[in-house]
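The values are calculated or read from the model by the stated rules, or taken from the named source; none is laboratory data. Nothing here was measured: the structure is a model prediction, and the numbers come from that model. All Cβ positions, glycine included, derive from the backbone under ideal geometry; neighbour counts span all protein chains shown. Surface accessibility is based on the protein's heavy atoms, side chains included, excluding ligands, DNA and RNA. Shrake-Rupley method; radii C 1.70, N 1.55, O 1.52, S 1.80 Å.
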Amino acid sequence: MANVAFIGLGNMGGPMAANLIKAGHKVSGFDLAAASRDAAKADGATIAATAVDAVKDAQVVVTMLPAGKHVLGVWSEILPSIAKGALIIDCSTIDVESSVKAHELAAKHGVASVDAPVSGGVGGAKGATLTFMCGGDDKAFATAKPILEAMGKKIVHCGKAGAGQAAKICNNMILGISMIGVSEAFALAEKLGLSHQALFDVASTSSGQCWSLTSYCPVPGPVPTSPANNDYKPGFAAALMLKDLRLSQEASKAAGAATPLGAHAEEIYAAFDKAGHGGTDFSGIIHHLRELASKR
Ligand code: NAD
């Protein structure tokens, strides 16, 4: 069992740190927010006065922060105090460029590093069923794997530094585009007098089949566990989908890829967010499509 420092104990980081403790690791944590620190303390973490204090005896450091600037800021602050030969894992979803920079910073301090963004949301963080998409060298990944296994059920080594972030934003670009596609089909079916169930029964067993339809159907009824049956409460908030679509567009521009549907999906989610629906589940985008139709 390891001494783990955990920085960023929010909606995701809090339950992830709690699962490390349940698995027998010793966790020293830090967060800027008092409420997050108190919740982690109640779960059995030792709370340090600063991020630097938290990492002093750590063999493994995990960060779970909002964006690239926070990760680079925190890593710059703590790396000089992390033991040489220790491992640092960033589980935040951030831009590929910042992720690669963070790996370079770690290497300068003799600290092994892995980017390991997650899929599975708060439910997956609580239930230790997250999927981790990892980037880094083989040795760093091998050290990270048993730690990540305490917080998730699928740990995938995607390639070199930054490859985990690349996998995450490519996957979520597919998800954003496919959710809009499925929602457009239901919105069109409504206008054509076709019932939700009839479209679902056909498309779910035909070539239109995809996760956004069969696991996360954007209309109530056909998939009882989808957020559409719970007044579109997240789930996965539209604001987070917009964040990931923005990251995929930044990466696409920097790498010189052509992703026109990804760009359009970003615009559609940006309009939904601007209208005040960032806290709605991302499948609520169907409301936006119906509203567009009403303005025609
Ligand atoms: P959150 O806002 O609940 O938690 C982030 C925490 O970081 C906050 O508690 C904040 O106080 C803390 N923080 C910020 N700057 C800090 C600093 N300098 N030092 C210490 N603590 C600091 O966000 P979250 O939902 O837990 O998301 C965390 C990351 O996980 C994000 O990158 C997000 O995109 C990603 N993610 C979230 C979900 C989800 O469903 N919430 C799903 C997949 C991935």
Practice problem: Could you run the Karplus curve 6.51 cos²θ - 1.76 cosθ + 1.60 with θ = phi - 60° over segment 260-272 and give me ³J(HN,Hα) per residue in whole Hz, x for Gly and Pro? | Solution: x, 6, x, 5, 5, 4, 4, 4, 5, 5, 5, 5, 4
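Summing +1 for each Lys or Arg and -1 for each Asp or Glu, what net charge is found among the other residues whose Cβ lies under 11 Å from the Cβ of Ala5? Before the final figure, lay out each step's value.
Details: positive: Lys26, Lys56; negative: Asp53, Asp57.
Net charge around Ala5: 0.
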Practice problem: Please turn the phi angles of segment 243-250 into ³J(HN,Hα) values with the Karplus equation 6.51 cos²θ - 1.76 cosθ + 1.60 (θ = phi - 60°), one per residue in order, whole Hz, x for glycine and proline. | Solution: 4, 5, 5, 5, 4, 5, 6, 4
Practice problem: Report, by chain and number, residues whose modeled amide H sits under 5 Å from the one on Ile155, excluding near sequence neighbours (fewer than 5 apart, same chain). | Solution: Phe132
Quiz item: So how do Ser81, Ser99 rank on accessible area, 1.4 Å probe, biggest first, that is with the largest at the start?
Solution: Ser81, Ser99
Practice problem: Using θ = phi - 60° and the Karplus relation 6.51 cos²θ - 1.76 cosθ + 1.60, list the HN-Hα couplings for segment 91-101 in order, rounded to whole Hz, with x at every Gly or Pro. | Solution: 9, 5, 8, 9, 5, 4, 4, 5, 5, 5, 4
Quiz item: Can you give the direction-averaged projected area of the convex hull of the alpha-carbon atoms in segment 3-160, in nm²?
Solution: 7.5
Self-check item: Surface accessible to a 1.4 Å probe, Asp201 within the full protein complex, Å²
Solution: 80
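Below 11 angstrom from the Cβ of Ile169, what's the summed charge of the other residues (Lys, Arg +1; Asp, Glu -1)?
Details: positive: Lys168, Lys243, Arg246; negative: Asp95, Asp244, Glu250.
Net of charged neighbours comes to 0.
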Quiz item: Among the DSSP beta bridges whose two residues both lie in segment 3-160, what percent are antiparallel, rounded to the nearest 5?
Solution: 10
Practice problem: Calculate how steeply helix 285-294 sits against the longest principal axis of the alpha-carbon atoms of the chain, using the helix alpha-carbon long axis, and give the answer as 0 to 90 degrees to the nearest 10. | Solution: 30
Quiz item: Applying 1/(1 + (r/R0)^6) with R0 = 30 Å to the Cβ-Cβ distance of Leu192 and Ala258, what FRET efficiency is obtained, to the nearest 0.05?
Solution: 0.40
Practice problem: Could you compute the FRET efficiency for Met1 and Val122, with r as their C-beta to C-beta distance and R0 at 25 Å, rounded to 0.05? | Solution: 0.45
Exercise. Compute the signed sum of charges (Lys and Arg +1, Asp and Glu -1) over the other residues within less than 13 Å, Cβ to Cβ, of Ala102.
Key: -3
Quiz item: At what distance in nm do the modelled label points of Glu149 and Asp53 sit from each other, each positioned 7 Å from its Cα along Cα→Cβ?
Solution: 3.4
Quiz item: Just from the alpha-carbon atoms, what are the Rg and Dmax of the chain in angstroms?
Solution: 20.4, 66
Quiz item: Against the longest principal axis of the chain, how steep is helix 13-22, in degrees 0 to 90 to the nearest 10, with axes from Cα atoms?
Solution: 60
Practice problem: Give, in nm to one decimal, the length gained when the segment between Thr225 and Thr46 is fully stretched (0.36 nm per residue of separation minus the Cα-Cα distance). | Solution: 60.8 nm
Quiz item: Heavy-atom accessible area per residue, the chain, 1.4 Å probe: how many Å²?
Solution: 46
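Take every DSSP beta bridge whose two residues both sit in the chain, then give the antiparallel share in percent to the nearest 5.
Numbers: 4 of 29 bridges.
Percentage antiparallel, nearest 5: 15.
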Practice problem: Kindly express, to the nearest 10 degrees and within the range 0 to 90, the angle between helix 138-149's C-alpha long axis and the longest C-alpha principal axis of the chain. | Solution: 70
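Could you tell me what percent of the accessible area of the chain is made up of carbon and sulfur, with a 1.4 Å probe and every protein chain present? Each step should come with its number before you reach the end.
On the way: 7840 of 13590 Å².
With neighbouring chains kept in place, the figure for the chain is 58 percent.
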Exercise. Provide the solvent-accessible area of His25, counting protein heavy atoms only and rolling a 1.4 Å probe, rounded to the nearest 10 Å².
Key: 20
Exercise. Could you tell me the distance between the Cα centroids of segment 56-104 and segment 209-223, to the nearest Å?
Key: 37
Quiz item: Once amide H atoms are built 1.01 Å from N in the peptide plane, which residues 5 or more positions from Ala2, or in another chain, come under 5 Å H to H?
Solution: Lys26
Self-check item: Lys/Arg +1, Asp/Glu -1 at C-beta; the chain dipole; positive extreme among Cys217, His109, Ala293
Solution: His109
Self-check item: Overall dimensions of segment 135-282 as given by Cα atoms, namely Rg and Dmax in Å
Solution: 17.6, 58
Quiz prompt | Heavy atoms of Cys158: accessible area, 1.4 Å probe, square angstrom to 10 | solution = 60
